[in-house]
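Beneath this line is the structure, given in structure tokens, with notes to follow.
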Amino acid sequence: MTSLASAPSVPGEPRLIGDGITCVLAPNASPMTGTGTNTYILGTGAGIAIIDPGPAIPAHLRAILTSVGQRRVSHIFVTHPHADHSALAGELARITGAPMLGYGPAGSGRSPLMRQLAAMADLGGSEGSDDGFAPDILLTEGTVIQGDRWILTAHHCPGHMAEHVCLAYGDLLFSGDQVMGWSTSLISPPDGDMGDYMASLDKLARHPWTRLLPGHGAPIDAPAQRLAELTSHRRARETAILSALSGGPLTLADLTARTYADTPIHLHPAAARNAFAHLIDLAVKGKVNASPDLAPGATFSLR
């Protein structure tokens with residue numbers, strides 16, 4: 001087993017990244033997942049926890065089981081039901097007998113507004129949802145789960161996905177896709193909600209975390225700085241959208257082209273989802289109008 005500091009991110013190779021914390025990288029690298037999904041194994045006692053089992057890739061399952069060895073898996077945590085984090089949970093639970101823990105099935109945590117918008121129009125935005133994930137134990141804000149020599153506290157952090165939870169291990173936080181070091185998070189309505197995402201960033205910023213372990217990318221050793229960067233980035237995008245609309249009404253495609261000119265063109269479909277999330281939030285704040293309805297095909301203007 002090698003340390004994170006001395007080894008590259010190699011799929012399937014366990015990396016000791018902290019006291020009793022091992023990371024196994026899944027082989028699902030992509031423009032949306034970076035080098036792949038981080039699966040964390042927590043604990044030094046007889047009963048260990050697995051956080052974000054990852055995608056349903058047989059080689060990744062074998063790598064996790066090899067790293068676990070003869071130890072007993074007592075809990076399987078899922079930060080959110082996107083398939084790159086949760087799809088392997090069911091098979092891992094079947095093999096180990098451990099319960100699956102999460103906020104709830106995909107879509108169960110949507111706000112009334114997102115439910116209403118999704119009922120009115122085809123918003124898209126369910127890319128990657130794992131509709132088969134059904135946790136055995138539900139995690140809500142402040143839920144404490146104690147294992148063998150470890151304690152995790154759940155913090156509901158909707159935004160990237162309504163069912164997203166971060167898991168606190170003392171002053172260390174398993175941050176899932178709420179906070180990543182390599183990229184910003186995709187906020188894609190109706191599962192994603194920009195207003196909730198910003199509120200979750202503010203919530204996390206109020207705690208003096210010493211380290212964040214994200215669902216993708218390397219550990220974040222300056223949490224306060226990273227949280228401030230993400231907040232500033234989103235506020236700058238919002239300002240850019242309002243500035244673009246000051247010249248007159250625009251479609252989502254035109255708005256994306258103008259405000260995400262710094263983003264590679266192959267990522268513009270994802271950028272458009274982020275822009276749409278901002279527009280919904282701005283409409284809720286009374287700053288933007290959408291005609292005829294608040295949907296991706298609308299024409300947007302300043303109110």
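Distant-in-sequence amide contacts of Phe77, defined by a placed amide H-H separation under 5 Å and a gap of 5 or more residues or a different chain, comprise Ile50, Ile51, Asp52, Leu101.
Computed over the stretch 221-268, the P(r) curve from all C-alpha pair distances, binned at 10 Å from the origin, holds 24, 42, 26, 8, 1 percent per bin. Our helix-only sum for the chain, with -39,500 (n - 2.57) per DSSP H run of n ≥ 4 divided by its residues, gives a mean residue ellipticity at 222 nm of -9500 deg cm²/dmol. For the stretch 58-120, the orientation-averaged shadow of the C-alpha convex hull comes to 5.2 nm² (one quarter of the hull surface). In this rough spin-label picture, where each label sits 7 Å from Cα along the Cβ direction, the Ile151-Trp182 distance is 3.4 nm.
Taking the protein heavy atoms of the chain in the context of the full set of protein chains, the accessible area attributed to carbon and sulfur is 56 percent at 1.4 Å.
Excluding ligands, DNA and RNA, the accessible surface per residue across the chain is 40 Å² with a 1.4 Å probe. The 3J(HN,Hα) values that the Karplus relation (6.51, -1.76, 1.60; θ = phi - 60°) gives for the stretch 171-188 are, in residue order, 9, 9, 10, 7, 9, x, 9, 5, 9, 10, x, 8, 7, 7, 8, 6, 10, 10 Hz. Gly and Pro appear as x. Here, the stretch 1-101 has an Rg and a Dmax of 12.4, 37 Å when only alpha carbons are counted.
Restricted to Cα atoms, the chain shows a radius of gyration and a Dmax of 19.5, 64 angstrom.
Measuring gaps between exposed loop sites in the chain (GluC sites (Glu not before Pro); DSSP loop; at most 16 other Cβ atoms within 10 Å), the longest gap, sites not included, is 142-303.
Shape annotation for the stretch 94-240: C-alpha extents along the principal axes are 47, 37, 24 Å, from largest to smallest.
Report the Stokes-Einstein translational diffusion coefficient (µm² s⁻¹, integer) for the stretch 73-177, Rh taken as the Kirkwood radius over Cα pairs, at 25 °C with viscosity 0.890 mPa s. D = 171 µm²/s. The smallest convex shape that holds all Cα atoms of the stretch 214-303, its convex hull, gives 113 Å³ per residue. Can you tell me the relative contact order of the chain? Whole percent, Cα pairs under 8 Å, sequence separation 6 or more. Rounded, it is 12 percent for the chain.
The values are calculated or read from the model by the stated rules, or taken from the named source; none is laboratory data. It should be emphasised that the depicted structure is a prediction, and the values quoted were computed from it without experimental measurement. Cβ sites come from the backbone with ideal geometry, for glycine too, and all protein chains shown count toward neighbours. With ligands, DNA and RNA removed, areas are computed over all heavy atoms of the protein, side chains included. Shrake-Rupley method; radii C 1.70, N 1.55, O 1.52, S 1.80 Å.
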